[in-house]
Amino acid sequence: MTGLFITIEGPDGAGKSSLLQQLVPALQDTIDRPIVVTREPGGSAIAEEIRGLLLNPAYTEMDARTEALLLAASRRQHVVEKILPALSRGDMVLCDRFVDSSIAYQGQARGIGMEKVRDLNEFAIEGLTPDLTLYLDVEAEVGLQRIKDKQSNRQQDRLELEAVTFHEEVRKAYHLMIEKDPDRFVVIDASDDQQVVFEKAFQALQSVLKK
Ligand code: TYD
């Protein structure tokens, strides 16, 4: 039996974490197989260490390619240690961000090139592709404002601190990827009410599970 690999993507402030919190218990009530919830960058001990480096706002000198390589390295470890074993057990893996994030953030917004970053990541993932990607769409400005409103008590991370134009490029890249590969993506308007976003995501996953 093989598992199901679902990723959740979107610009910063799209509400992925809130959606996951609501989605996981609701889904678990409807299926027998275990759900493994994980995230990138991170998801394993080594990958979480790399996450610390990547998001530390002090490291303003980090080169774009260093950033892409660190993300790919953390992804490799995460895939080998956590995602593949779960999929081979037949679990459902729900992963908050995956390769599409690198293609959007490092490939497009940092300017390395979407294809270059895709190729770099191929080395790390060896062909592993999500069965389905939920894409939460939100305008860059709206997403960033949400983060500011919500997190007055927490320091913003290095990527959140990028200018709005950076985040607009991220969104543009996601839209390009969706255009090229429409069957893999379910696009959900994340400016909708949280309950509406949840219901749409829940329905999309129910129909994949039925297949
Ligand atoms: P995340 O923890 O998902 O933050 P948020 O919940 O605020 O979206 O991701 C942290 C940051 O890392 C986020 O700004 C996106 C960025 N990132 C990349 O630039 N490339 C990547 O490949 C990944 C996985 C994340």
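Structure notes:
- Selection within the stretch 137-169 - among the charged types (D, E, K, R), modelled with pLDDT under 95 and part of a loop (DSSP other than H, G, I, E, B): Arg154, Asp157, Arg158, Glu160, Glu162
- Among the residues of the stretch 86-98, none qualifies, meaning not one is within 12 Å of the ligand (Cβ to nearest atom), in contact with a helix residue (DSSP H, G or I) (Cβ under 7 Å, 6 or more places away or on another chain) and either of a type in the set (A, V, I, L, M) or outside any strand (DSSP E or B) (or both).
- The set of residues in the stretch 1-26 being open to solvent by less than 30 Å² (accessible area, probe 1.4 Å) and among the hydroxyl-bearing types (Ser, Thr, Tyr) consists of Thr7 alone.
- A count restricted to the stretch 118-177 and to residues that are of a type in the set (S, T, N, Q), open to solvent by 50 Å² or more (accessible area, probe 1.4 Å) and within 24 Å of Ala73 (Cα to Cα) stands at 1.
- Single match in Arg51, Arg97 (criterion: over 18 Å from Val170 (Cα atoms), among the basic types (Lys, Arg) and open to solvent by 10 Å² or more (accessible area, probe 1.4 Å)): Arg51
- Taking each residue of the stretch 158-175 that is farther than 16 Å from Arg97 by Cβ and looking for partners that are away from the ligand (no atom under 13 Å from the Cβ) with beta-carbon atoms closer than 7 Å, six or more apart or interchain, yields Val164/Glu141.
The values are calculated or read from the model by the stated rules, or taken from the named source; none is laboratory data. Quick caveat, the model's predicted, so the values are computed rather than measured. We place every Cβ from the backbone using ideal geometry, glycine too, and count neighbours over all the protein chains shown. These accessible areas exclude ligands, DNA and RNA; they are computed on the full protein's heavy atoms, side chains included. Shrake-Rupley method; radii C 1.70, N 1.55, O 1.52, S 1.80 Å.
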